[in-house]
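The values are calculated or read from the model by the stated rules, or taken from the named source; none is laboratory data. Predicted model, so just to flag it, every value in this text is computed and none were measured. Every residue, glycine as well, gets a Cβ built from its backbone with ideal geometry; the counts of neighbours run over all protein chains shown. The protein model used for the area step is the full one, side chains on, heavy atoms only, and it has no ligands, DNA or RNA in it. Shrake-Rupley method; radii C 1.70, N 1.55, O 1.52, S 1.80 Å.
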Amino acid sequence: MRIAMIGTGYVGLVSGACLSEFGHEVTCVDKDAGKIDALKAGRIPIFEPGLEDVVATNVKAGRLSFSQDMEAAVPRADAVFIAVGTPSRRGDGHADLSYVFAAADEIARGLDGYTVVVTKSTVPVGTSRQVAEVIRKTRPEAEFDVASNPEFLREGSAIEDFRRPDRVVVGTESDRAKAVMKEVYRPLYLNETPLLFTSRETSELIKYAANAFLATKITFINEIADICEAVNADVQDVARAIGLDGRIGAKFLHAGPGFGGSCFPKDTLALLKTSQEVGAPTRIVDAVVQVNEARKAHMAEKIAEALGGVNGKHIAVLGLTFKPNTDDMRDAPSLSIIPALQDKGAKIRAYDPEGMEEARKLLEVQFCKSAYEALGGADAVVILTEWNEFRALDLKRVKALMKAPMMIDLRNIYRPAQMAEAGFHYVSVGRRSVAPKS
Ligand SMILES: NC(=O)c1ccc[n+]([C@@H]2O[C@H](COP(=O)([O-])OP(=O)(O)OC[C@H]3O[C@@H](n4cnc5c(N)ncnc54)[C@H](O)[C@@H]3O)[C@@H](O)[C@H]2O)c1
């Protein structure tokens with residue numbers, strides 16, 4: 001089967017590479033010449049564990065190629081996936097669909113023979129129907145169906161998620177398109193991965209419902225963490241105990257600085273807009289968006305309070321990306337918390353294992369080559385992202401490097417008793433703060 005993947009970002013590149021691993025012949029197309037040139041030269045433009053190997057193996061096997069030229073890839077394809085960005089539209093929070101419709105128009109020009117055009121980008125209900133209208137307008141005689149196939153992979157474990165998804169959702173009512181999509185996902189189908197066929201509208205809504213639910217779970221435990229702090233309870237124990245209840249589940253119950261990233265913030269906002277437009281407003285998602293925004297501001301206050309004010313203080317920030325194992329800085333909590341600290345007069349030295357290249361474009365801080373370099377002379381260290389390399393810092397060395405032994409752990413990766421023993425003032429999220437033992 002021949003596949004064209006339009007948009008070679010976090011989703012398009014992973015999906016394209018993994019589909020070629022399934023045995024399909026895949027061309028990944030992107031209009032960003034820098035990305036395509038890098039990929040042709042064997043360089044991966046993003047950080048995603050395991051991706052480099054999958055790309056190299058399948059390029060070598062002749063199943064995966066890269067191009068800037070949509071018209072070269074589309075006419076040969078049985079299925080054309082749209083995996084371009086759908087960021088929040090400035091000002092109103094709607095999903096910006098201009099990239100999707102521009103891609104649809106370009107695809108239309110290249111269609112040759114029956115083709116399934118697949119919206120893999122996260123798009124509001126009704127978009128796949130609109131994509132079909134765009135194509136029909138440009139090429140009234142073209143033979144095609146538009147199916148919705150939302151992607152659920154997580155950055156940082158994207159390869160594994162694509163290879164072994166919990167489910168694959170396909171929205172189409174066309175039997176011809178269903179047959180093509182079954183063939184696309186045949187290796188997963190054989191592995192008994194649930195393949196759910198729904199209407200296009202249902203499929204589009206499933207993606208938003210999933211992300212809004214997960215964002216709600218995070219926000220819920222964050223509010224429970226605030227209550228824990230007020231009553232001297234421990235949110236880690238609460239999360240573990242409620243998570244063991246099969247009806248609740250343990251995942252997405254980690255209290256922290258608020259959710260960020262390329263999906264949850266924009267997808268909750270877009271669902272909110274849809275719900276208002278169709279006259280079925282969701283008060284829960286509305287509250288989630290507001291609570292999460294307020295939380296990021298609250299985190300800067302929490303840090304300032306722990307330090308008795310931050311004016312003129314040196315703060316070492318460990319972790320800038322919205323989560324570990326990615327270089328993605330989109331809507332990372334660091335982008336709100338650090339400027340808020342700087343507004344209060346703090347001086348920031350920061351380190352992130354993979355995110356600094358991107359962070360340099362977005363933050364004005366002193367970037368350091370290692371965690372230990374960032375810690376030199378600091379009045380406090382703030383852990384903003386739970387990268388593995390921050391989990392086992394040499395605490396004696398950390399203490400010796402810092403001006404004052406104060407750790408503000410917004411990801412709860414250390415234990416209060418351990419930190420008190422190591423001689424730190426330790427502040428975390430939803431657990432009691434401790435003073436050094438000696
Ligand atoms: N990142 C994730 O973890 C994730 C997970 C699930 C779903 N999604 C959804 O997948 C979609 C893509 O997200 P992403 O993170 O991969 O975005 P991205 O910004 O990393 O990649 C999008 C790519 O599309 C390219 N592009 C835009 N218009 C194009 C055109 N007309 N022709 C060719 N290329 C074009 C851009 O140059 C860019 O490289 C979004 O709708 C997102 O919500 C993302």
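Summary of values
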| item | result |
| --- | --- |
| Residues located in region 85-101, provided they are surrounded by fewer than 16 Cβ atoms within 10 Å (Cβ to Cβ) and on the phi > 0 side of the Ramachandran plot | GLY91 |
| Region 50-79, residues that are more than 22 Å from GLU151 (Cα to Cα) and more than 15 Å from the ligand (Cβ to nearest atom) | ALA56, THR57, VAL59, LYS60, ALA61, GLY62, PRO75, ARG76 |
| Some residue of region 264-281 being under 24 Å from ALA83 (Cβ atoms) and among the β-branched types (Val, Ile, Thr) | yes |
| Qualifying position, being assigned to a helix (DSSP H, G or I), under 21 Å from VAL100 (Cα atoms) and open to solvent by 20 Å² or more (accessible area, probe 1.4 Å), among VAL59, VAL11 | VAL11 |
| Of the criteria (1) away from the ligand (no atom under 13 Å from the Cβ); (2) open to solvent by 40 Å² or more (accessible area, probe 1.4 Å); (3) of a type in the set (A, V, I, L, M, F, W, C), which one ILE206 fails | (1) |
| Test: ASP267 is within 16 Å of the ligand (Cβ to nearest atom) and modelled with pLDDT of 95 or more | yes |
| Any hit, region 375-389, residues being out of contact with any strand residue (DSSP E or B) (no Cβ under 6 Å at 6 or more places or on another chain), closer than 24 Å to SER433 by Cβ, within 16 Å of the ligand (Cβ to nearest atom) and touching a residue at least 60 places away in the same chain (Cβ under 8 Å) | yes |
| Given (1) within 13 Å of the ligand (Cβ to nearest atom); (2) surrounded by 15 or more Cβ atoms within 10 Å (Cβ to Cβ); (3) over 26 Å from GLY156 (Cβ atoms), number of the condition ILE82 does not satisfy | (3) |
| Filter result for VAL14 (touching a helix residue (DSSP H, G or I) at 6+ places or on another chain (Cβ under 8 Å) and either more than 10 Å from the ligand (Cβ to nearest atom) or among the β-branched types (Val, Ile, Thr) (or both)) | yes |
| Any chance THR115 is farther than 21 Å from ASP78 by Cα and open to solvent by less than 30 Å² (accessible area, probe 1.4 Å) | no |
| Condition met for GLU201 (open to solvent by 60 Å² or more (accessible area, probe 1.4 Å) and part of a loop (DSSP other than H, G, I, E, B)) | no |
| Some residue of region 23-39 being in a helix (DSSP H, G or I), among the aliphatic types (A, V, I, L, M) and more than 15 Å from the ligand (Cβ to nearest atom) | no |
| Test: LEU253 is touching a residue at least 24 places away in the same chain (Cβ under 8 Å) and of a type in the set (A, V, I, L, M) | yes |
| Residues within region 283-312 that are basic (Lys, Arg) and out of contact with any Gly (no Cβ under 8 Å at 6 or more places or on another chain), tallied | 2 |
| Region 330-362, residues that are surrounded by fewer than 24 Cβ atoms within 10 Å (Cβ to Cβ) and assigned to a loop (DSSP other than H, G, I, E, B) | ARG330, ASP331, LYS344, GLY345, PRO353, GLU354, ARG360, LYS361, LEU362 |
| Test: residue in region 141-153 that is within 28 Å of ILE242 (Cα to Cα) and modelled with pLDDT of 95 or more | yes |
| Filter pass, MET356 being away from the ligand (no atom under 16 Å from the Cβ) and hydrophobic (A, V, I, L, M, F, W, C) | yes |
